[in-house]
Amino acid sequence: MYDVIIVGSGGAGLSAALSAKEKTNKVLVISKTYPTHSQTVQAQGGINCVLDYENDSISNHINDTYKSSKELGNINTIKKMCESAQKTIIWLDKLGVPFSRDNSGKIAQRYFGGTKAKRTCYSSDYTGLKIIHTLYDNCIKNNIEFLNEHTLIDLIINENKYLGINVFNLLSGEVIDLYSKTLIIATGGYGNIYSTHTTNSVSTTGDGLAIAFKHGIKLSNLEFIQFHPTALKGTNTLISESARAEGAFLIDDEGNRFVDELTTRDEVARAIKIKIDNGENVYLDMRHINANIIKEKMPQEQKLIKDIMNLDVHKDLIPIVPAVHYTMGGILTDVSCETSIKDIYACGEVAQNNTHGANRLGGNSLLEIITFGKIAGNNAAEISLKKETNIPNKIEFNVINLILEKKLGKSIYKIKNDLSEAMFNYAGLYRTNNDLKKLHLLIKKFEEEYKNTGIENKSKKYNKNIVDYIELGNLLILSKLVCQSALKRRESRGSHFRKDYKQINKEYQKISTIQNIKERVEYKLEEAL
Amino acid sequence: MIISINRRNDKENYMKQYKIDKENISTLEALEYIKENIDSTLTYRSGCKSGSCGSCSILVNDKEVLACKCKLNDDITIKPLKNGTIIKDLVVDLEQTAKLLFKSKAFIEKFQDINIKKEDEELIDLQSTCILCQSCYSTCPVYSVNKDFLGPFALTRVLRYTNDKKEANNTKKLDAIQVNGIWDCTLCGNCTIACPQFIDSKTDIMNLRMKSVQNGYSDPTIQSNDFLNEFNNYNDFNTGFNPNSF
Ligand SMILES: Cc1cc2nc3c(=O)[nH]c(=O)nc-3n(C[C@H](O)[C@H](O)[C@H](O)COP(=O)(O)OP(=O)(O)OC[C@H]3O[C@@H](n4cnc5c(N)ncnc54)[C@H](O)[C@@H]3O)c2cc1C
Ligand code: SF4
Ligand code: SF4
Ligand code: FES
């Protein structure tokens, strides 16, 4: 019996683990990958925090975040994040994160979209990588127990009481039950419902959300999907906002700049999409940027562009497309990270704790996952110390055999790609009632195809196809919920743009929630907690 | 394009060839293509698709690469990394990573609040971009015979933390790498050539040797030579028998 089980080993999960471990030794981290394979390694640009009080202020940070959320964030939650940001950065710095420094030895800061002050701390352009490796080194130092390549497949909940989880051990092919007093879900976002148009890691398949939904845990704001304006055309590899922050231009086929490069992501992405839909190409132009700045601040970008596109940032224009980058929606939590079921917490991209609302500011995600990861770990551990529980009887769980027994129909990989194309075309940067209705029918068809197929590989040992099968089931659940949420929000707000309702509508100045109540899907608009 | 992949299932090890009619794709995209269109059982790891998670490292024509950053060429052979237990197809066991990092104490032992300069951070910048892709391990001749060898990435990481001004106590770290560590390395440089992040573990290890000596640790490779000389002298003078003499 563990005190705290944490599912997911990205920045949120590892921060939660480190802070839970300060209170109790009975902490376990489960991950379907290895910690350093988590998507957090991909974050390049940086992490927001006000350090220069002469030119910036915490209230600016709060206001910018709230403004970007299009008034769907909760001011108290945002306050908590922004006010403790400096503490968060100091914590990371003490653990050993090598933040880049300026000439006077202070932690260096750069501009990011949506703000007028230099507020983003970074470690060259490997910020996420260096944060997660440092957190991992500290987990190792603190003897934190890990079960890697174990996939969460279900929660064990009895009469609304949390008891434990079922996980699939990829290596052995067995499902095991694990019990704990509290659970923290930190499984990341759901970008892979657009799997062929996303910068996200292949593992970001919304598992935590889908599983929580099945058990009646409330989800929220699923319709808000952030597209990043600049991913490399053809591969969707991200070119960080730091490129534009350091002065890169966006130009069209005629060489004209057509949008303010430093405005919010959704606006830039939509401007690019219009060009692309008109059959034009859009390029990132870095040719005029000083070579030393590129060397010092964007070494990874330069390398990616060279390795993946075989282009030289000093000489060539770089063809780009917008790609799905971040999912604002998630498991609804309050400011203490608690979900709608007691003893179950959520933090990181999987959670919707009312900080990002309709749109997240660049650099605010890393800040959020660390800040609330720590809060979740601390609170879950504290609660667990006060809680008595007994290990329940073993529950038979036959899902793997059921999957293996299924006859082969349409390939699950084909279904996944078809789903992604449908999501991108009908629930992408622009949405309409008609398109979303079409999408809904298509998703139903994919669900049918999914039900009628299995996998070819019947082996027990390291059968990755089983995980792929489970993930696709989760992607389908989420696609449908995203589609339903997008249909219901008849306005345009932040990342959610409806061609048939182009304006913000005050009546919708509320968060959406979606919940499975006795097999019925209940959709509501509520005040941000 | 024809590519051959070294497959391994529960029972056997075999080579299989696949034909792919796609130009200008990465090796990872080729593996995805095979899995989605030809043989779904093909097993490999991947994550970020952009060279930062280190999960997709494999051998292409016996050289360590990240599949997501390596362009596909005709007529290549793909194998799993060397020096690890192969679990299935291209997937190797990674459970030793954490143990090696733990043993080498690759973390800040004791934090000190000290003024950090730009140069201080730059000094550890490269080493802290290690993505734990294991490519260096795959090439290391010492690791191939001694699984207790701390090896290139762990040692690079130790240097990263010993050079970190925030660390107040380097002794424990230096202590941890004396046995099965810096002195066991042959300085062959394979790891340096293999690293996709251009980290030079060989030089990092030499730096750690220097730091160790400066901190009063002795170089056992010199000791053993002394010992050998004494041994020879002893034999020469006392028994007249020298196995190495002509
Ligand atoms: C290319 C890119 C660049 C970015 N740049 C920035 C930036 O500069 N600044 C910023 O603030 N944000 C940035 N972001 C966003 C930010 O990186 C993510 O939002 C954040 O890392 C999410 O962290 P997380 O811990 O919630 O989830 P993740 O890092 O995605 O981790 C999720 C974990 O859960 C595990 N998991 C998932 N499902 C299961 C399951 N079923 N069972 C067990 N384990 C499971 C995974 O294996 C993984 O360990 C970027 C994102 C991308 C993709
Ligand atoms: S040192 Fe280089 S080769 Fe070795 S694990 Fe790190 S990144 Fe990979
Ligand atoms: S230089 Fe040392 S660590 Fe690197 S591969 Fe050779 S023996 Fe191994
Ligand atoms: S998939 Fe992450 S390094 Fe290749």
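Annotations
- Cubic angstrom per residue, convex hull over Cα atoms of the protein assembly as shown: 185
- For chain B, taking a cut-off of 4.7 Å between Cβ atoms, the unpaired cysteines are B:Cys56, B:Cys68, B:Cys70, B:Cys130, B:Cys133, B:Cys140, B:Cys185, B:Cys188, B:Cys195.
- Taking a point 7 Å out from the Cα of A:Ile391 in the direction of its Cβ, the residues of segment A:127-149 whose backbone N falls within less than 20 Å of it are A:145-148.
- Chain B - percent relative contact order, Cα under 8 Å, separation 6 or more: 16
- In this structure, the pairs whose alpha-carbon distance is over 23 Å, taken from A:Lys303/B:Lys71; A:Lys67/A:Lys342; B:Lys19/B:Lys79, are A:Lys67/A:Lys342.
- The DSSP beta bridges internal to the protein assembly as shown are antiparallel in roughly 75% of cases.
- Distance between modelled label sites at A:Asn401 and A:Asp500, nm, 7 Å Cα→Cβ extension: 4.8
- For chain A, the relative contact order is 22 percent, taking Cα pairs closer than 8 Å that sit 6 or more residues apart in sequence and dividing their mean separation by the residue count.
- Loop-located GluC sites (Glu not before Pro) in segment B:1-76 (DSSP state other than H, G, I, E, B) with a sparse environment of at most 11 neighbouring Cβ atoms within 10 Å: B:Glu12, B:Glu23.
- Distance from segment A:367-393 to segment A:152-169 (C-alpha centre basis), Å: 16
- Label zone at B:Ile114, where the point sits 7 Å out along the Cα-to-Cβ direction: segment A:95-109 residues whose backbone N lies under 11 Å: none
- Using a probe radius of 1.4 angstrom, the carbon and sulfur fraction of the accessible surface of the protein assembly as shown is 49%.
- Cα centroid separation, segment A:20-58 to segment A:230-268 (Å): 26
- Dividing the convex hull volume of the alpha carbon atoms of segment A:314-473 by its residue count gives 222 Å³ per residue.
- Cα centroid of segment A:75-149 to Cα centroid of segment B:1-61, whole Å: 35
- Annotation: amide H of A:Ile184 within the under-5 Å range of A:Ile5, A:Ile6, A:Val7, A:Tyr345, sequence separation 5 or more or interchain, hydrogens built in the peptide plane.
- Above-threshold pairs, the threshold being 28 Å between Cα atoms, out of B:Lys11/B:Lys82; A:Lys218/B:Lys99; B:Lys118/B:Lys202; B:Lys105/B:Lys147: A:Lys218/B:Lys99
- At the listed q of 0.12, 0.16, 0.22, 0.24 Å⁻¹, the Debye profile of segment A:140-242, built from one uniform point per Cα, gives log10 I(q)/I(0) equal to -0.57, -0.89, -1.20, -1.30.
- Pairs of alpha carbons in segment B:16-67 whose separation is greater than 18 Å (percent): 32
- For segment B:1-61, trypsin sites (Lys or Arg not before Pro) are listed when DSSP marks them as loop and at most 12 other Cβ atoms sit within 10 Å of their Cβ; the list is B:Lys11, B:Lys22.
- Loop-located trypsin sites (Lys or Arg not before Pro) in segment B:59-137, at most 11 other Cβ atoms within 10 Å (DSSP): B:Lys110
- Pairwise FRET efficiency - B:Leu187 versus B:Glu122, Cβ, R0 = 25 Å, nearest 0.05: 0.50
- Cα gyration tensor shape for segment A:172-291, rounded if a/c is under 1.5, else prolate or oblate: prolate
- For A:Leu222, distant residues with modelled amide H under 5 Å away: A:Gly330
- Accessible area expressed per residue, segment B:11-141, with surrounding protein chains retained (probe 1.4 Å, Å²): 43
- Each residue of segment B:182-199 was assigned a 3J(HN,Hα) from its phi angle through the Karplus expression (A = 6.51, B = -1.76, C = 1.60, θ = phi - 60°), giving 4, 7, 7, 4, 8, 6, 6, x, 4, 4, 4, 5, 6, 5, x, 9, 6, 7 Hz with x at Gly and Pro.
- Each principal axis of the Cα cloud of segment B:1-151 was taken in turn, and the coordinate range along them, longest first, works out to 58, 34, 24 Å.
- Karplus (6.51, -1.76, 1.60) ³J(HN,Hα), θ = phi - 60°, over segment A:102-110, in Hz, Gly and Pro reported as x: 8, 4, 9, x, 7, 4, 6, 9, 10
The values are calculated or read from the model by the stated rules, or taken from the named source; none is laboratory data. Small disclaimer: the values here were computed from a predicted structure and weren't measured. Because the Cβ atoms are built from the backbone with ideal geometry, glycine has one as well, and the counts that use them run over all protein chains shown. Heads up: the accessible areas ignore ligands, DNA and RNA and are worked out on the full protein's heavy atoms, side chains in. Shrake-Rupley method; radii C 1.70, N 1.55, O 1.52, S 1.80 Å.
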